[in-house]
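Chemist: Once you've had a glance at the structure underneath, I'll fire off some questions.
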There are 2 protein chains.
Amino acid sequence: MDSKDGLHFDPESGVREGIPCEGVIVPSTLESNPATFYDAIVIGAGYSGLIATRDLVVRGHKVLLLEARDRIGGRTWTSVIEGYPYEMGGTWMHWGQPHVWTELSRYNLVDQLEDSAETLPGVDFKISYFFEHGRNDLSAKDDAQNMNVALTEFCNVDGHLGKTVFPFPHKPFTEAENYAKWDQVSAAERFDQIKDRLTPDQQSLLLSVIVTASGAPADQVACTEILRWWALAGYNSQAYMDYIIKWKLKCGQTGLALCIFRDALVSGNLSYRFSSPVQQIDQARQHVLVTTKDGQRISAQYLVCTVPLNTLNDISFNPPLSHRKALAASRGQVNLCVKAHAEVEGRDHRCWWGLAYSHKSGIMAGAFGDGLTPSGNAHLVSFSVNDAFTSGSDHGFSQMKAAYEAFHPFKIKRLLYHPWATDPYAKGTWAMYAPGFGSRFKRDLQASQGRVHFASADWADAWHGFIDGAMEQGMRASAEIIEELRKVPNARL
Amino acid sequence: MDSKDGLHFDPESGVREGIPCEGVIVPSTLESNPATFYDAIVIGAGYSGLIATRDLVVRGHKVLLLEARDRIGGRTWTSVIEGYPYEMGGTWMHWGQPHVWTELSRYNLVDQLEDSAETLPGVDFKISYFFEHGRNDLSAKDDAQNMNVALTEFCNVDGHLGKTVFPFPHKPFTEAENYAKWDQVSAAERFDQIKDRLTPDQQSLLLSVIVTASGAPADQVACTEILRWWALAGYNSQAYMDYIIKWKLKCGQTGLALCIFRDALVSGNLSYRFSSPVQQIDQARQHVLVTTKDGQRISAQYLVCTVPLNTLNDISFNPPLSHRKALAASRGQVNLCVKAHAEVEGRDHRCWWGLAYSHKSGIMAGAFGDGLTPSGNAHLVSFSVNDAFTSGSDHGFSQMKAAYEAFHPFKIKRLLYHPWATDPYAKGTWAMYAPGFGSRFKRDLQASQGRVHFASADWADAWHGFIDGAMEQGMRASAEIIEELRKVPNARL
């Protein structure tokens, strides 16, 4: 089944809009009785909404899941093309990300894990730097050493590896004053503080890593965003890489999402409507009323709103969003990363990473060997921040092709990507915050308003912007609603 | 409420058997209808049994929870004395232990975490070595450096920090041959291989760490058991300590266990019997029949048996346990650690670790400042392997007192401990394996037999012997039974 989401290019057929996804749900609507007064409505079938929905329905609560797209997964979804899974959004996980790992364990998917940077027999892992001061090929070990020096210098803001800022990174406000202080500093400003201690290669590598992590120029993102990943991974550059870009699923993220969705479905308590964007949310003392864009009205006791930060102001809330929530949403998160996939002829670049940085535009920050397709070709995944890669009549594919070819004269068999920045239901990629944003707004974004709970990866306590953060938020919202529903026996009647 | 478990000594009152525990369940039996044919019986109300029970009952399945003790928690329980929580068994957790962290997140207990090694204002953390070659006081930094050198040498069995043995420690059999090879080597043999590269202090420190981790002499435990912890913590000595002995709960582990138990209870689907040890388990094609020691017989569709490895052969199974399960249970796990608590006058030793090693017996391997009691005294927790600490008319308290006083002339206000090694429902402390045991038996121990699922921390895939391993096992057993029950609609009727 094709989703309407995703863009695909190959030299023979050109550009195609919409690509396969096993997470497209057919029939798109399942509703036993349209007049049902639900225990809860969940808006959004990404991981936050899926976890919230499952946790509610398995406990016997009646839930309506509303989703604007034709598929589950939100900003995490897999397109399987010619038998090979391409992750269009969220990809990697680690056992130190507890919420998602517990779901892998529950659905017996731990055996599905594979290492993105796996070596092939007889093939050495190779790294190439494409920096303004020159090109350099080096071993994985030397690159790791550069990464260790550069990232440690960057994150060691306090002579204690950042531990006085995030001593307990799962509670980001443990040292709120130190967090607020460093949160004002952009990644570019922090870079300027330490750049003299780095070699030119280490400097450019660090800028490439910042841009790849942030999906934004270094002056637009808070240095605490990088520091947060570092702290969550144990204040260690090797662990940082292991958490961020190592373990992915052979069955694809959509494989996991389907396990959760099916688990909810067989409870018999799940109703859903796909391709149903929400227009308005009205709240009264005893219920919540949702109006969809096609004019349908549905009521429930509680509501879980999981829409991303950058789209929160697109729904009309009555009473309105709190001033600070609305302000935070209008500021938004800054990540406009273009994550793209290439299938290139031959397996030579399976075990290869290319890292780039230039003050000029039109450069990819990095492209990484991520697998071998069934045809024996290398699959590369790339990260860029560049409008040119998504605009124009060919959706930027010619620009993207040229950018890949700047790394190497690849023979490109296909290119594909999801334009998250222009997607009306995302308006950005994984959440990364501007200087001052997190310390100022995160707690406001987490707060519920009456019967409406807000649960998005974009403001998770720990791994915000990650799969784990989505699940953290979905689980907590449902846990609160489960407690509230316990106080009102037979409230449905 | 006092549990029958636990032993307490203070100089005024002498020895007392039984200490307070908020996890004692009253009334001890809750059963709506004794003739009920349950969906599942769960044997054991430790974390494995609690998670399995909760996951089943919240989904509407009828469960009978059978527990030999008067309390929940199994080998993890808290005694609150004069307002201070003493952890009698399992204590520490980390966000890299995904199953337990997800439960903390679910029940909103992340704010309850505190650091066992927290410093006091104006008090430096101090370490004292009590080794045969001499006594040495040093800074926490110098101790950490010794630990890093010694543990890295020990675990770097392959020149790759052990990564060729446990490349993916949550799947211990990923490199089964390498695991089997190193699993034959005892910790003592591995120590002999690398001791020449260590200073005398580093040598004794390493032996102290091995004994503290294993609850057994170094020749009785496989070197892969230490290597496993090292790998799970990210192949890093600082992270190893952070995972093993850092984060504990202000509300006590029993606080978390009660959240899970109450969550199960309010479902209305939970029946239970405490103080009801099991005699026999008979399995027929369509059901399982459990006979308790007091002669009661209860039937269910499925059974989850969570009793510890060293007690598995104390239940009569019909048909019998598989040959390899029975063999593994007769070999048993080797950990006979005595974990004891002391309240000592004054706060001087709040921020202090004493580490000892001697080839003579009667020495504690370590005592650690773990908190300040409401009276302003230091709470020390100690780890020993010594029969003398639990035997004799005073349950070893005079020996234990002398061992503490060998560290420092403490004024001891109270001592308390749980004699896990002689406890008939444990027969050992957290599971640690002898050389060759894990590679040979772990998969056998995990296998279900017909309608009987075996779920104990003692054979968890990842953190065996830990709270996380218990929850991993309980969750997986219930997930399998949930799947099986789905195939038989209305099976209860």
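The values are calculated or read from the model by the stated rules, or taken from the named source; none is laboratory data. From a predicted model like this one, the values you see are computed outputs, not experimental measurements. With ideal geometry, Cβ positions are generated from the backbone for all residues, glycine too; neighbour counts draw on all protein chains shown.
Chemist: State whether the residues of the range A:440-449 include one that is modelled with pLDDT of 95 or more, crowded, with 23+ Cβ neighbours inside 10 Å and within 14 Å of another protein chain (Cβ to nearest Cβ).
Modeler: no
A quick yes/no check of all residues on (1) in contact with a Ser or Thr (Cβ under 9 Å, 6 or more places away or on another chain); (2) outside the structural domain of residue B:306 (by the TED database); (3) polar (S, T, N, Q):
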site: B:444; (1), (2), (3): yes, no, no
site: B:448; (1), (2), (3): no, no, yes
site: B:451; (1), (2), (3): no, no, no
site: B:459; (1), (2), (3): no, no, no
site: B:462; (1), (2), (3): yes, no, no
site: B:468; (1), (2), (3): no, no, no
site: B:473; (1), (2), (3): yes, no, yes
site: B:478; (1), (2), (3): yes, no, yes
site: B:481; (1), (2), (3): no, no, no
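Chemist: Tell me, please, whether a residue that is within 18 Å of the chain's Cα centre (by Cα) and away from chain A (no Cβ under 14 Å) can be found in the range B:241-248.
Modeler: Yes, that holds for at least one residue.
Chemist: Report yes if residue A:282 is at negative phi and surrounded by 17 or more Cβ atoms within 10 Å (Cβ to Cβ), otherwise no.
Modeler: no
Chemist: From (1) hydrophobic (A, V, I, L, M, F, W, C); (2) modelled with pLDDT of 95 or more; (3) surrounded by fewer than 23 Cβ atoms within 10 Å (Cβ to Cβ), pick out the condition that doesn't hold for residue B:117.
Modeler: (2)
Chemist: Suppose we filter A:367, A:328, A:342 for residues that are touching a residue at least 60 places away in the same chain (Cβ under 8 Å), of a type in the set (A, V, I, L, M, F, W, C), part of a strand (DSSP E or B) and buried (at least 22 other Cβ atoms within 10 Å of the Cβ); which single one remains?
Modeler: Within the list A:367, A:328, A:342, the selection yields A:342.
Chemist: Failed condition for residue A:4, given (1) within 17 Å of the chain's Cα centre (by Cα); (2) surrounded by fewer than 20 Cβ atoms within 10 Å (Cβ to Cβ), with all others met?
Modeler: It fails just one condition, (1).
Chemist: Right, next: Output the number of residues of the range B:450-477 satisfying the condition of being away from chain A (no Cβ under 13 Å) and surrounded by fewer than 24 Cβ atoms within 10 Å (Cβ to Cβ).
Modeler: 3
Chemist: Go through (1) modelled with pLDDT of 95 or more; (2) over 15 Å from the mean Cα position of the chain (by Cα) for residue B:487 and report which single condition fails.
Modeler: So the condition that residue B:487 fails would be (1).
Chemist: Of all the helices (runs of 4 or more DSSP H) wholly in the range B:109-227, which have at least 2 residues that are away from chain A (no Cβ under 14 Å) and either among the hydroxyl-bearing types (Ser, Thr, Tyr) or under 30 Å from residue B:260 (Cβ atoms) (or both)?
Modeler: Filter on the range B:109-227 gives B:200-214.
Chemist: How many residues does the range A:227-244 contain that are buried (at least 21 other Cβ atoms within 10 Å of the Cβ), of a type in the set (S, T, N, Q) and touching a residue at least 40 places away in the same chain (Cβ under 8 Å)?
Modeler: Final tally of qualifying residues: 1.
Chemist: Of the residues that make up the range A:74-84, is at least one touching a Gly at 6+ places or on another chain (Cβ under 8 Å) and more than 13 Å from residue A:252 (Cα to Cα)?
Modeler: Among the residues of the range A:74-84, at least one is touching a Gly at 6+ places or on another chain (Cβ under 8 Å) and more than 13 Å from residue A:252 (Cα to Cα), which makes the answer yes.
Chemist: Another question, then. Kindly indicate which of A:32, A:48 is small (Gly, Ala, Ser) and surrounded by fewer than 21 Cβ atoms within 10 Å (Cβ to Cβ).
Modeler: Step by step, each of A:32, A:48 is checked, and only A:32 is small (Gly, Ala, Ser) and surrounded by fewer than 21 Cβ atoms within 10 Å (Cβ to Cβ).
Chemist: Now a separate question. Assess whether residue B:432 counts as being among the hydrophobic types (A, V, I, L, M, F, W, C) and surrounded by fewer than 24 Cβ atoms within 10 Å (Cβ to Cβ).
Modeler: no
Chemist: Criterion first (in the same structural domain as residue B:407 (by the TED database) and surrounded by fewer than 23 Cβ atoms within 10 Å (Cβ to Cβ)) does residue B:382 satisfy it?
Modeler: no
Chemist: I would also like to ask the following. For the range B:95-108: of the residues being among the hydroxyl-bearing types (Ser, Thr, Tyr) and outside any loop (DSSP other than H, G, I, E, B), which is farthest from the other protein chains (Cβ to nearest Cβ)?
Modeler: So the residue we want is B:105.
Chemist: Going by what's in this entry, would residue B:176 be described as surrounded by fewer than 24 Cβ atoms within 10 Å (Cβ to Cβ) and small (Gly, Ala, Ser)?
Modeler: It is true that residue B:176 is surrounded by fewer than 24 Cβ atoms within 10 Å (Cβ to Cβ) and small (Gly, Ala, Ser).
Chemist: Within the range B:245-267, take every residue that is in contact (Cβ under 8 Å) with a residue 60 or more places away in the chain and assigned to a loop (DSSP other than H, G, I, E, B) and give me the one that is surrounded by the fewest Cβ atoms within 10 Å (Cβ to Cβ).
Modeler: B:250
Chemist: Take residues that are out of contact with any Leu (no Cβ under 7 Å at 6 or more places or on another chain) and more than 14 Å from chain A (Cβ to nearest Cβ) and tell me which of the strands (runs of 3 or more DSSP E) falling wholly in the range B:1-93 contain 2 or more.
Modeler: B:2-10, B:14-20, B:63-66, B:78-81, B:84-87
Chemist: What are the pairs with Cβ atoms under 6 angstrom where one residue, in the range A:268-296, is among the small types (Gly, Ala, Ser) and the other, located anywhere, is surrounded by fewer than 17 Cβ atoms within 10 Å (Cβ to Cβ) and at pLDDT below 95? Sequence gap at least six, or different chains.
Modeler: A:271/A:31
Chemist: Assess whether residue A:307 counts as being away from chain B (no Cβ under 14 Å) and not aromatic (Phe, Trp, Tyr).
Modeler: So residue A:307 fits the description; yes.
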